[in-house]
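Laboratory data are not the source of any read-out in this text; all were calculated from the coordinates shown. Note that the coordinates shown come from a computational prediction; the quantities given were computed from them, not determined experimentally. All Cβ positions, even for glycine, are placed from backbone atoms using ideal geometry, and neighbour counts span all protein chains on display.
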Amino acid sequence: MPAPSPSRSLDLDGTPVLIFDDSAAACLAAAEQIAELVRSAVARRGKAVLGLATGGTPVPVYKGLVEEHQGGRLSFAEVSTYNLDEYYPMSPLDPQSYRTYMDRHLFSLVDLAPNRAHVPDGTVPESDLEAYGASYDRWIEAEGGLDLQLLGLGRNGHIGFNEPADLDLDTALKLPTRPVSLHPTTIADAAGDFGGEAHVPRRALTMGTASILSARRILVLAFGAKKAEAVSRSLTGPMTAQVPGSLLRSAGSRVTWMLDPAAAAQLPG
Ligand code: F6R
């Protein structure tokens, strides 16, 4: 699969930003980077550990990875995956669950061992949620950390379901995996999937910023005019818990942003 090149690239305070002709080209390039990273991590340390996202943005990335696998160029036999989030409460069998999404777009289509494909469990009892979140972070740590985290960006700047919050920066950078309340913008954006805002779960489990920001590589994908403001606030505004995407600046050049021209429209240059 020849990886498309960006039509423009920026360096914003040490963070590389790649702007592609369109989202399809960006997703192909992301899939190629992930495939390459898996091959080199497996060659180097015998396994690869991926943090994965759901939502509309990464669907073509998973398609690209499945094609690599079907073409015999990529195996998931030595890969573990940790998804960012799941609605709460949510059965893994529910058609709206992120577990179902991952089964449909990736897990059932590649040679990933079922017991290495982790998605936060939306059936954990309320009283065990905090301990479960701490275990999720420990499992990632015990694997030697994430080789790569794939991220989308919410219109409100959220990463995973780390929503805009009134927290000091130090706390915001070290959040554990935990239960959260969804932000009104997130609920509005999920309304289409659930047949109306009233049916969207109000809560979720999300990987925390601590695990996300410790990943050795982070790819952030954002496409379309509706993401332009969140992209520019994340990359050029103050680093603040009010714009969780801005917290990625603490990871410096370990992060690469991959955008289409519409999502990049409010960036300088
Ligand atoms: C999904 C996730 C969210 C999405 C974000 C963008 O696992 O954690 O942060 O990445 O809401 O969603 P889309 O891609 O649907 O615009």
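Can you sort Lys174, Lys227, Lys47 from fewest to most other Cβ atoms within 10 Å of each residue's own Cβ?
With the sparsest Cβ surroundings first, the list reads Lys174, Lys47, Lys227.
Can you tell me, using C-alpha contacts under 8 Å and at least 6 residues apart, the relative contact order of the chain as a whole percent?
Working: 565 pairs, mean separation 61.7, N = 269.
Taking the mean separation of contacting Cα pairs over the length of the chain, I get 23 percent.
Leaving out same-chain residues fewer than 8 places away, which lysines sit with a Cα under 20 Å from that of Lys63?
Partners within reach: none.
Express in whole angstrom the spacing between the alpha-carbon centres of region 46-93 and region 115-151.
Region 46-93 and region 115-151 have Cα centres spaced 15 Å from each other.
Calculated FRET efficiency, Ala3 and Ser250, Cβ-Cβ r, R0 30 Å, to nearest 0.05?
Details: r = 28 Å, r/R0 = 0.92.
Given R0 = 30 Å and the Cβ-Cβ separation, E is 0.60.
Helix hunt in the chain: which complete DSSP H runs extend at least 20 Å axially by C-alpha with mean Kyte-Doolittle at least -1.0?
Span-like helices here: 23-45.
Compute the relative contact order of region 1-138 as a whole-number percentage, counting only Cα pairs closer than 8 Å that sit 6 or more residues apart in sequence. The partial results should precede the final answer.
On the way: 177 pairs, mean separation 26.6, N = 138.
The normalised contact order for region 1-138 reaches 19 percent.
I need the Kirkwood Rh of region 3-128: take the reciprocal of the average 1/r across all distinct C-alpha pairs and report it in angstrom.
Mean inverse Cα-Cα distance, inverted, gives 15.9 Å.
On the first, second and third principal axes, largest extent first, how far apart are the outermost C-alpha atoms of region 159-245 in Å?
36, 30, 25
To the nearest 20 debye, what charge dipole does the chain have about its Cα centre, counting +1 at the Cβ of each Lys and Arg and -1 at the Cβ of each Asp and Glu?
Dipole size: approximately 500 debye.
For the chain, place one equal point scatterer on every Cα, skip the solvent, and apply the Debye formula. What is log10 of I(q)/I(0) at q = 0.08, 0.14, 0.15, 0.16 Å⁻¹?
Log10 I(q)/I(0), no solvent term: -0.29, -0.96, -1.13, -1.31.
If each of Arg104 and Lys226 carries a label point 7 Å out from its Cα toward its Cβ, how far apart are those two points in nm?
1.7
Using Cβ contacts closer than 10 Å as the measure, can you line up His158, His69, His199 from fewest to most?
His199, His69, His158
At a Förster distance of 41 Å, what's the computed FRET efficiency of Ile187 paired with Ala43, Cβ-Cβ distance as r, to 0.05?
Step by step, r from the Cβ atoms, then E = 0.40.
Using bins 10 angstrom wide from zero, how does P(r) for region 85-149 break down, in % of all Cα pairs?
Pairs per bin, as whole percents: 20, 46, 33, 2.
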